[in-house]
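To start, the structure itself, in structure tokens.
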Amino acid sequence: MRVSAYVIHTRPFQDSKILLDLLTFEQGLIRGVWRLPKKEARVIPGSFLCYEVECSGRGDLKTVKSLESVQSSLVLEGLPLYAVLYAHELLEKLLPTNLPLPDIFTLYQWLIQSLCSGVAIAPLLRRFEVGLFSELGMGINMVSTGRGERVKPNQLYQFHHKFGLRPYHGETPKQRPILFVDGAVALGYHAGQWTDKQVLSLAKELHRNWLDSLLSGKPIVSRGLLPKQPFQGERHLGVPIFRAL
Amino acid sequence: MFSPLIKELIESLRCLPGVGPRSAQKMALYLLERDHQGADRLANALREALDKVGRCSSCRTLTEETECQLCQDPDRDAKSLCIVETPADVVAIESAGSFKGRYFVLLGHLSPIDGIGPEELGLDRLEILVQHNQVEEAIIATNSTVEGEATCHYIAEKLKTLNINVSRIAHGVPMGGELEYVDGNTLALALEGRKKL
Ligand SMILES: [Zn+2]
């Protein structure tokens, strides 16, 4: 089997072998064992290169026979590098193995190329997360309410994991929502208006909660590398509220 | 086929890197059959090393003393510090013979997927050492992997706040290497770190 792949993670295995976690176009996330070349030429693959990988085996652990880069290298440093580690951690923790997800491969490719171009990182990560959620069938609905009504720009909503959006009229909610959001901001999120500060701020808060629930509270370690900015905007009943500006 | 004690010996030898079931069996039989004295010495050395070898209180490399020999050596420049991932890296740099400062062993690198974030790296120890020894120059010699680079960057940011010179060992074409066989990434880095002649 020949696949296009990015190396997401490596672990030492036996003396001259390593375990590779590969994000492939053809087979999604796969794990393989690779025998390192002889000592003088020993290089651990990685570094955001797209490889052409020849592998075999039917089980969960493939044998990687050859691995050749098919692209010139990308050099990432500092914050963009941390952002990639974050993306890798999400992929490892959310993706099932051996399930073809070609759009996630393309999404990852887009992310690392964009990170190299030096644009703002937060909108890139939020778009990456949206893409990941939607490809995995875990997308967040910000265009209609839990009951299927279209979101109105002038209405204020409360958002719960289970029930999604629900119109909010100032009552004390029975269950504490994750956040309150103006319809206009929710629709901006749905439309991907990543230049809008409120939309970006909503996405950050929303995705953080969404990821925590998808991972049932398992920590995302690489968050510790990204800039820490706890939510400082307006709150209602102690819960973040995102108003259209 | 083997009695429980022999089986256990074979199984325990397999924890060594590169030792499969066949070679473990060979080793066990060799020790029991042909080299009792050697086996006895091995067993004692292993026991003693396990009991006594710990980490150097200053650089964290392996040693049975409180402070390792390198850290005790008055001829080594305490103001110059080389930061590496493992004790094996200390040995590698020492064998190159050109570095005359001291070391700090990270005992790993940032690897969020394996649960190692900035907090797990124990950089507070590094900061204490830097301040205590009044380090003026830090050379970061982490591996040139994605995780090694991230670790390097993270440490560099930390150390810069302490007002010391921070540098990173260069990556490049290996000695005797032919360009044709060097991968693109290494070449890109080698170009980036080029030297004026
Ligand atoms: Zn020491």
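Listed here are the residues, each with its yes/no results for (1) under 17 Å from A:LEU124 (Cα atoms); (2) of a type in the set (Phe, Trp, Tyr); (3) at pLDDT 90 or above; (4) touching a strand residue (DSSP E or B) at 6+ places or on another chain (Cβ under 9 Å).
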position: A:TRP210; (1), (2), (3), (4): no, yes, yes, no
position: A:VAL221; (1), (2), (3), (4): no, no, yes, yes
position: A:LEU226; (1), (2), (3), (4): yes, no, yes, no
position: A:HIS236; (1), (2), (3), (4): no, no, yes, yes
position: A:ARG243; (1), (2), (3), (4): no, no, yes, yes
Residue within segment B:94-111 that is facing chain A (nearest Cβ under 10 Å), at pLDDT 90 or above and crowded, with 19+ Cβ neighbours inside 10 Å present: yes
Answer residue from segment B:52-73, given it is among the basic types (Lys, Arg) and near the ligand (Cβ under 9 Å from one of its atoms) and is surrounded by the fewest Cβ atoms within 10 Å (Cβ to Cβ) among those: B:ARG55
Evaluation of B:ALA24 against (1) within 14 Å of another protein chain (Cβ to nearest Cβ); (2) of a type in the set (Gly, Ala, Ser); (3) not in a helix (DSSP H, G or I) (one fails), failing number: (3)
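I'm trying to understand the selection: among the residues of segment B:81-93, which are more than 9 Å from the ligand (Cβ to nearest atom), surrounded by 15 or more Cβ atoms within 10 Å (Cβ to Cβ) and away from chain A (no Cβ under 14 Å)? Give the derivation first.
Restricting attention to segment B:81-93, the residues satisfying the condition of being more than 9 Å from the ligand (Cβ to nearest atom) are B:81-89, B:91-93.
After this cut, where a residue has to be surrounded by 15 or more Cβ atoms within 10 Å (Cβ to Cβ) as well, the list is B:81-87, B:89, B:93.
Within segment B:81-93, B:LEU81, B:CYS82, B:ILE83, B:VAL84, B:PRO87, B:ASP89, B:ILE93 qualify.
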Filter result for the condition that a residue is touching a Phe, Trp or Tyr at 6+ places or on another chain (Cβ under 9 Å), over 16 Å from A:TYR6 (Cβ atoms), hydrophobic (A, V, I, L, M, F, W, C) and at pLDDT 95 or above, over A:LEU125, A:LEU107: A:LEU125
Residue in segment A:77-87 that is within 13 Å of chain B (Cβ to nearest Cβ) and touching a strand residue (DSSP E or B) at 6+ places or on another chain (Cβ under 6 Å) present: no
Members of segment B:124-160 that are within 14 Å of another protein chain (Cβ to nearest Cβ) and outside any helix (DSSP H, G or I): B:ILE140, B:THR142, B:ASN143, B:SER144, B:THR145
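Conditions (1) over 18 Å from A:THR195 (Cβ atoms); (2) among the hydroxyl-bearing types (Ser, Thr, Tyr), marked per residue:
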residue: A:TRP110; (1), (2): no, no
residue: A:PHE133; (1), (2): yes, no
residue: A:THR145; (1), (2): yes, yes
residue: A:HIS160; (1), (2): yes, no
Looking only at segment B:117-155, and only at residues there that are among the small types (Gly, Ala, Ser) and either more than 18 Å from A:LEU79 (Cα to Cα) or at pLDDT 95 or above (or both), the one that is surrounded by the most Cβ atoms within 10 Å (Cβ to Cβ): B:ALA138
Count of residues meeting criterion [without any contact (Cβ under 8 Å) to a residue 24 or more places away in the chain, surrounded by 12 or more Cβ atoms within 10 Å (Cβ to Cβ) and assigned to a loop (DSSP other than H, G, I, E, B)] in segment B:161-192: 7
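Here are some residues: B:ALA49, B:ALA78. Which one is over 19 Å from B:THR142 (Cβ atoms), aliphatic (A, V, I, L, M), within 12 Å of the ligand (Cβ to nearest atom) and not in a loop (DSSP other than H, G, I, E, B)?
On the way: B:ALA49 fails: within 12 Å of the ligand (Cβ to nearest atom).
Going through B:ALA49, B:ALA78 in turn, the sole match is B:ALA78.
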Failed item, numbered, when A:PRO80 is tested on (1) in a loop (DSSP other than H, G, I, E, B); (2) in contact (Cβ under 8 Å) with a residue 24 or more places away in the chain; (3) within 20 Å of B:LEU189 (Cα to Cα): (1)
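The values are calculated or read from the model by the stated rules, or taken from the named source; none is laboratory data. Computed from a predicted model, the values in this text were never measured in an experiment. Quick reminder, even Gly has a Cβ in these numbers, built from the backbone with ideal geometry, and neighbours come from all protein chains shown.
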